[in-house]
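Notes for the one structure printed next.
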Amino acid sequence: MRLRIGCTVFILLGLALLMRTTPLCAAAQSAPIVPAGQQGAFELLKNWTFGAHRADATVRNRKDLEREFYYRYIYAGGKLDGIPTYWSYHRDYPEGDARSLHVFGDDTLTLKGRIPAGGGLWPRGIESGMLRAKQPVMPGMYIEMRAKLPRGLGAWPAFWLNAGVQYDNGTFSALPWPPEIDIFEFFNWQGRDQTRVMTGNVQTNGKPAKFGDPHDIWTKFVKGEYAPGFDFSADFHIFLSTGEKTSRSGCLTALRSSKRTTSGTGRRPIS
C-alpha cells in the first residue's frame, strides 16, 4: 500500500515516521526507537522531517521531496491528478515559483491549495498539493505524522493508504480498489467551518469478508466520528496508524490523534 497526504487548503507538516517492529533480542540492537505512546523495540524505516533550515531535517527542498514522494495518484500511470468527489486537482510547480503548492518553511513543509486565475468553486476549479510516498507500507508497520491542519469551510485534509506499488523502473503492481485505509479525513462542510471532527475508515466497498473483516480497534469513534473538543487547526497534532495481520490475513487498524504536548494512549507494538 502507498501513503497519501492531500489537502484542499493547506496542511503544515513537521515530520512523518514509518516504522516496523523488530525482535527485542535482535543482534546489534542499538538504542530502541519507541514511537509516541508505544512500548517495545521498533526499526525506523523512514524519517521524513521537513524544513529548509532545520538542523535535523531529512527533506529540505524540492530535490529531497522528489526523492521520497510523488505528486499524483498512483492510477493512470501515476499521473491521475484528481477524483470526481472533490473540486480540486493536484499540481506541482518548480521550486521558488510563486504558485508553488509545496512550500518549505524553516522547520516545516506546507501543502497549499488555492483558486487559480480562471478557477472557482466547481470541478477542477481549485488546485492543491499532495504527496504520495514512494516507500511501500506493509502490515505490521507503524505510521506517524505530526501536522497542523487547515481551517475554514470547504477544507478536506486527508491522510490515506491505498493499495498498489509504483516501482523504480516505472512499472506498477496490481492496483485494486478497495482496500483503502483512511487514517484521517476532516469534512469541513454542512455547517462545519472548524477542523474539529475526525473520521477514519477501512474501505471494503461493502465486502469486508474479502479483506479479512478489517475493523478499527480504536474505541474513541462514535458513529464513525471523533470529536475530542479541540480544533485540530489550532496547533500541531500527532496522527498515527498501526496495522497488524489477523488470522484471516486481514488488517486491524488503530487510529489515534494526540495533542502536541502528549504522547497518546499507548498500546503494545505488533510482534
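Out of all the residues in the range 72-86, is one or more within 24 Å of GLN194 (Cβ to Cβ) and of a type outside the set (A, V, I, L, M)? Yes, the range 72-86 contains at least one residue that is within 24 Å of GLN194 (Cβ to Cβ) and of a type outside the set (A, V, I, L, M). Candidates in the range 166-197 are the residues that are in contact (Cβ under 8 Å) with a residue 40 or more places away in the chain and crowded, with 17+ Cβ neighbours inside 10 Å; of these, the one that is nearest to TYR86 (Cα to Cα) is PHE186.
Please go through the range 127-142 and pick out each residue that is in a strand (DSSP E or B) and under 16 Å from TYR73 (Cβ atoms). Result: GLU127, SER128, MET130, LEU131, ARG132, ALA133. Kindly indicate whether SER100 is surrounded by fewer than 21 Cβ atoms within 10 Å (Cβ to Cβ), polar (S, T, N, Q) and either under 18 Å from the mean Cα position of the chain (by Cα) or farther than 20 Å from LEU18 by Cα (or both). Criteria met by SER100. Reported count of residues in the range 125-165, each being within 24 Å of GLY191 (Cα to Cα) and either touching a helix residue (DSSP H, G or I) at 6+ places or on another chain (Cβ under 7 Å) or free of Cβ contacts under 8 Å to residues at least 40 places away in the same chain (or both), is 2.
Under 25 Å from LYS63 (Cβ atoms) and assigned to a loop (DSSP other than H, G, I, E, B): is that true of VAL103 in this structure? Answer is no for this residue.
Cβ-Cβ contacts under 9 Å between residues 6 or more apart (or on different chains), taken from a first residue in the range 53-78 that is within 14 Å of LYS134 (Cα to Cα) to a second residue that is among the small types (Gly, Ala, Ser) and not in a loop (DSSP other than H, G, I, E, B), are listed as GLU68/ALA133; PHE69/ALA133; TYR70/GLY78; TYR70/ALA133; ARG72/GLY78. Within the range 73-92, is there a residue that is loosely packed, with under 15 Cβ neighbours inside 10 Å, of a type outside the set (Gly, Ala, Ser) and over 20 Å from LEU175 (Cα atoms)? Among the residues of the range 73-92, not one is loosely packed, with under 15 Cβ neighbours inside 10 Å, of a type outside the set (Gly, Ala, Ser) and over 20 Å from LEU175 (Cα atoms), which makes the answer no.
Condition check ((1) of a type in the set (Phe, Trp, Tyr); (2) closer than 29 Å to ASP213 by Cα; (3) at pLDDT below 90) across all residues:
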position	(1), (2), (3)
GLN135	no, yes, no
ILE143	no, yes, yes
LYS148	no, no, no
ARG151	no, no, yes
GLY154	no, no, yes
PRO157	no, yes, no
VAL165	no, yes, no
PHE172	yes, yes, no
LEU175	no, yes, no
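Cβ-Cβ contacts under 9 Å between residues 6 or more apart (or on different chains), taken from a first residue in the range 108-124 that is free of Cβ contacts under 8 Å to residues at least 40 places away in the same chain to a second residue that is in a loop (DSSP other than H, G, I, E, B) and of a type in the set (Lys, Arg), are listed as ARG114/ARG99; PRO116/ARG91; PRO116/ARG99. Among the residues here, GLY200 qualifies as at pLDDT below 90, farther than 14 Å from TYR86 by Cβ, part of a strand (DSSP E or B) and not β-branched (Val, Ile, Thr). For the range 80-99, which positions are closer than 28 Å to ALA163 by Cα and in a loop (DSSP other than H, G, I, E, B)? If the condition is that a residue be closer than 28 Å to ALA163 by Cα and in a loop (DSSP other than H, G, I, E, B), then ASP81, GLY82, ILE83, PRO84, THR85, TYR86, TRP87, ARG91, ASP92, TYR93 are the ones that fit.
The values are calculated or read from the model by the stated rules, or taken from the named source; none is laboratory data. Being a predicted model, the structure only gives us computed values, none of them experimental. Every residue, glycine as well, gets a Cβ built from its backbone with ideal geometry; the counts of neighbours run over all protein chains shown.
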